[in-house]
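**Q** Just passing along the structure, written as structure tokens.
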Amino acid sequence: WFIIGNAYGEIDFLKGFTARTSIGYNISNSYYSNFSTTQVENVQANTSPNSLSVSANYSSRMTFTNTLRYRNTFAGKHNLEAMIGSEAIKDVGRGVSGSREVFFSEDSNYLVLGSGTQATNNSSSISMESLYSLFFRADYNFNNKYYFGATIRRDGSSKFGPDARYGIFPAF
């Protein structure tokens, strides 16, 4: 199953200012099971035994964003829009899987990993990532003819190395 949700609040105040905050979640949970039966045709030449693979995974992502926007037109020809904000994202995940071979019965009531007699394989995983950003954007146009835009971000990520955890990324 997969659940997606988002809630936000927005307020206009003074002349041209809008503040917005939002929080969103994506949550997923999965289970997978696959049984490969013993080949019936040419069974003497078949060297592959029956096998069962099972896995389960969980993951979640939280996004929290806050922005303050200013929009105004001056002297009828100068249009300015500016925004400052922050965003935090956190991803968490876990997974487990296992497989076995050579089951004494292919009846679904007996198909659990503990009933296999050979080739035990299992694994598990865990992940956690985070991102925190501060950003500023300004867009200006004169008479809806000449345009200029600039953005600058300061991102901190768990994927960046410990000596360079934050980076600044401008664009014009």
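The values are calculated or read from the model by the stated rules, or taken from the named source; none is laboratory data. Not measured: the values here are computed from a predicted model. As a convention, Cβ positions derive from the backbone with ideal geometry for all residues, glycine included, and neighbour counts pool all protein chains shown. SASA here: full protein model, heavy atoms, side chains in, ligands and nucleic acids out. Shrake-Rupley method; radii C 1.70, N 1.55, O 1.52, S 1.80 Å.
**Q** Filtering segment 4-19 down to residues that are part of a strand (DSSP E or B) and open to solvent by 90 Å² or more (accessible area, probe 1.4 Å), which residue is nearest to residue 32 (Cα to Cα)? Write out each step before concluding.
**A** Restricting attention to segment 4-19, the residues satisfying the condition of being part of a strand (DSSP E or B) are 4-13, 17-19.
Then keep just the ones that are open to solvent by 90 Å² or more (accessible area, probe 1.4 Å); that gives 4, 6, 8, 10-12.
Values: 4: 21, 6: 28, 8: 35, 10: 41, 11: 45, 12: 48 Å.
Residue satisfying both the conditions and the ranking: 4.
**Q** Right, here's the next one. If you go through segment 74-92 one residue at a time, how many are open to solvent by 90 Å² or more (accessible area, probe 1.4 Å), β-branched (Val, Ile, Thr) and either more than 25 Å from residue 157 (Cβ to Cβ) or under 18 Å from the mean Cα position of the chain (by Cα) (or both)?
**A** Residues flagged as open to solvent by 90 Å² or more (accessible area, probe 1.4 Å), β-branched (Val, Ile, Thr) and either more than 25 Å from residue 157 (Cβ to Cβ) or under 18 Å from the mean Cα position of the chain (by Cα) (or both) within segment 74-92 amount to 0.
**Q** Right, another one. Name the single residue that is most open to solvent (accessible area, probe 1.4 Å) among those in segment 139-172 being without any contact (Cβ under 8 Å) to a residue 24 or more places away in the chain, within 30 Å of residue 72 (Cα to Cα) and of a type in the set (Ser, Thr, Tyr).
**A** Among them, the one singled out is 147.
**Q** Could you tell me whether segment 65-73 includes any residue that is in a strand (DSSP E or B), in contact (Cβ under 8 Å) with a residue 60 or more places away in the chain and either under 28 Å from residue 158 (Cα atoms) or open to solvent by 50 Å² or more (accessible area, probe 1.4 Å) (or both)? I'd like the intermediate steps shown before the answer.
**A** Taking segment 65-73 first, the residues in a strand (DSSP E or B) are 65-73.
Subsequent filtering for residues that are in contact (Cβ under 8 Å) with a residue 60 or more places away in the chain retains none.
Within segment 65-73 (the criterion being in a strand (DSSP E or B), in contact (Cβ under 8 Å) with a residue 60 or more places away in the chain and either under 28 Å from residue 158 (Cα atoms) or open to solvent by 50 Å² or more (accessible area, probe 1.4 Å) (or both)), the answer is no, since none of the residues qualifies.
Condition check ((1) more than 27 Å from residue 126 (Cα to Cα); (2) modelled with pLDDT of 95 or more; (3) touching a Pro at 6+ places or on another chain (Cβ under 8 Å); (4) in a strand (DSSP E or B)) across all residues:
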| residue | (1), (2), (3), (4) |
| --- | --- |
| 21 | yes, yes, no, yes |
| 31 | no, yes, no, yes |
| 35 | no, no, no, yes |
| 39 | yes, no, no, no |
| 45 | yes, no, no, no |
| 49 | yes, no, no, no |
| 53 | no, yes, no, yes |
| 56 | no, yes, no, yes |
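**Q** Scan segment 93-138 residue by residue and report those that are in a strand (DSSP E or B), open to solvent by less than 60 Å² (accessible area, probe 1.4 Å) and of a type in the set (A, V, I, L, M).
**A** Residues satisfying the conditions are 102, 119, 131, 138.
**Q** Mind telling me which of the residues 95, 85, 116 ends up being within 20 Å of residue 48 (Cα to Cα) and touching a Ser or Thr at 6+ places or on another chain (Cβ under 8 Å)?
**A** On the way: 95 fails: within 20 Å of residue 48 (Cα to Cα); 85 fails: within 20 Å of residue 48 (Cα to Cα).
Selected residue: 116, the only one of 95, 85, 116 that is within 20 Å of residue 48 (Cα to Cα) and touching a Ser or Thr at 6+ places or on another chain (Cβ under 8 Å).
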